[in-house]
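> Pasting a structure below so you can have a look.
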Amino acid sequence: MKPFTVQRKLVHSARRLAEFPVMSFHCLRHLFQVLLITAVASGHDSQKSCARNKGNFMLQMRTAAARSRVDPTSSTVLPARTYCYGTKYSDECYYLCPLGFELMTRAQPDASGECGNTLGSSWARKKHYYMNPADNECATCDRTSEVLPTTAMPFADPACTGASGSECTLSCPTDYMLSKEKEVCAAAPGKEFAIGGGSFLPSDGVPQATCSSLGVNYVASITFEDGCGLRTYGGTVVETGTRYVCHTCLASTTSSTTSSSMGLTVGREWEEFAGPQNRACRGFGPTDNNPAYFDVHLNVASLESCQDLCLQELGEEGCKGVEFNSRSKRCELWKRKEGIWAFAYPEWEGFTCWRYGWPGKYLIPVNGGLNQACRGPNGRNSNAYYVVEPVKHMEDCRARCVAAKVCKGVEFSKGRCEIWHTDIVTTAPRSDFECLRYQPPV
């Protein structure tokens with residue numbers, strides 16, 4: 001390896017020192033020994049004394065050194081692998097994308113090869129079917145923002161110890177705000193996935209997820225050794241990983257429009273549906289729980305992690321909401337095109353249902369709402385102002401607004417729902433019509 005390449009790796013890795021706040025001189029010295037040897041040879045395991053006390057930092061550093069920065073001109077980038085689970089029929093891994101990108105999947109075109117070989121270097125295998133490899137899936141991180149959000153690396157309190165479960169206070173430079181937390185489940189320091197084959201390919205070049213997988217300026221405020229299920233089989237955790245709680249600093253000019261748990265589009269929000277008292281999400285009615293409406297994730301640490309997975313896996317327009325059980329840690333990512341408008345009272349405790357989109361609580365009656373038909377600029381009514389969908393009642397219409405690509409309000413009448421993408425300015429009196437305008441607080 002050329003000397004300037006080694007130097008560049010060391011400089012890049014030194015910049016990542018803030019990824020974990022405190023390190024002893026012994027571990028710091030050993031870190032650079034590892035980096036030098038890694039640059040010349042094929043790798044080096046950290047000493048146990050460092051791995052035990054600062055091992056999470058070492059993993060962050062090793063991953064950061066191996067992972068290139070996001071090219072600001074790239075339309076796709078390679079995702080980072082987090083936890084995986086398997087059944088007797090298939091195995092599947094889940095991935096994280098950096099800020100400004102979302103996960104995109106597609107069928108693997110050549111079941112005999114690897115995703116990276118057939119689709120390009122930014123693709124990784126997502127799902128592997130043992131009996132029918134023609135159904136294998138690949139994934140990449142697809143760019144969602146023309147201009148990537150501006151971030152800075154947080155500062156850590158000098159008193160941080162870095163011990164598992166010990167939280168570090170983070171602060172941001174002037175004109176930056178600390179982002180909402182995102183959780184990452186990663187392999188323990190010095191470990192790779194224990195099984196080979198399927199989606200767990202140690203040689204496929206896909207990096208293990210750490211905070212830096214979310215963006216070059218993401219750091220861990222707290223870590224939990226054995227804090228998440230890295231691999232599960234048939235619902236049973238067979239390998240635990242380290243859980244990272246990650247943050248970055250967002251420029252104040254973009255922080256109002258950028259959030260890890262609320263996506264990248266101004267106005268879209270998470271909204272608890274049907275109240276806090278043990279509700280399960282449903283589609284067209286209380287008994288409509290079609291498995292095609294959602295994807296299931298097991299051993300998800302928290303509601304916030306479930307919500308983040310929905311945005312990562314399905315994207316802003318594809319994520320319609322989540323159902324999460326705080327006891328079983330089961331997470332459903334809802335993707336029903338029409339959204340979630342019904343709920344059920346489950347027999348078991350711990351359920352909550354959240355919708356994602358344009359919150360229904362901001363749909364306000366215009367001029368009283370009842371017996372009013374919506375009108376646009378200059379009191380006009382044009383088919384170009386809205387899309388029409390058949391519905392059963394107003395609540396179905398309201399749910400479709402929440403789930404729509406854009407919703408400025410709705411008009412409902414006799415099974416007909418107009419979802420407006422133009423501002424509703426006024427109304428016209430019409431019997432059996434109802435007009436609601438989307439009006440979030442300023």
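> Once you place label points 7 Å from the Cα toward the Cβ at ASN289 and GLU347, how far apart are they in nm?
0.9
> Something else: Bin all alpha-carbon pair distances of the stretch 330-419 at 10 Å intervals from 0 and give each bin's fraction as a whole percent.
Calculated over all Cα pairs of the stretch 330-419, the distribution is 15, 44, 27, 11, 3, 0 percent.
> GLN277 versus LYS405, label points 7 Å from Cα toward the beta carbon: distance in nm?
Spacing of the two 7 Å Cα→Cβ label points: 4.0 nm.
> Can I ask one more? Give the average over all directions of the projected area of the C-alpha convex hull of the stretch 287-442, one decimal, in nm².
Working: hull surface 40.9 nm².
The directionally averaged projection comes out at 10.2 nm².
> If you take every residue apart from HIS247 with its C-beta less than 9 Å away from the C-beta of HIS247, what net charge results, scoring Lys and Arg +1 and Asp and Glu -1?
+1
> How much of the accessible area of the stretch 348-442, probe 1.4 Å, is carbon plus sulfur, in whole percent?
It is 52 percent, rounded to a whole number.
> Taking a 19 Å limit on the Cα-Cα distance, which of the listed pairs LYS182/LYS335; LYS88/LYS329; LYS335/LYS405; LYS337/LYS392; LYS182/LYS405 fall beyond it?
Pairs exceeding the cut-off: LYS182/LYS335; LYS88/LYS329; LYS182/LYS405.
> With a 1.4 Å probe and all protein chains left in place, how much accessible area per residue does the stretch 357-442 have, in Å²?
Accessible surface, normalised per residue, equals 50 Å².
The values are calculated or read from the model by the stated rules, or taken from the named source; none is laboratory data. All values reported here derive from a predicted model rather than from experimental measurement. Neighbour counts run over all protein chains shown; Cβ positions are idealised from the backbone, glycine included. Just so you know, the surface numbers come from the protein's heavy atoms only, side chains and all, with ligands and any DNA or RNA stripped out. Shrake-Rupley method; radii C 1.70, N 1.55, O 1.52, S 1.80 Å.
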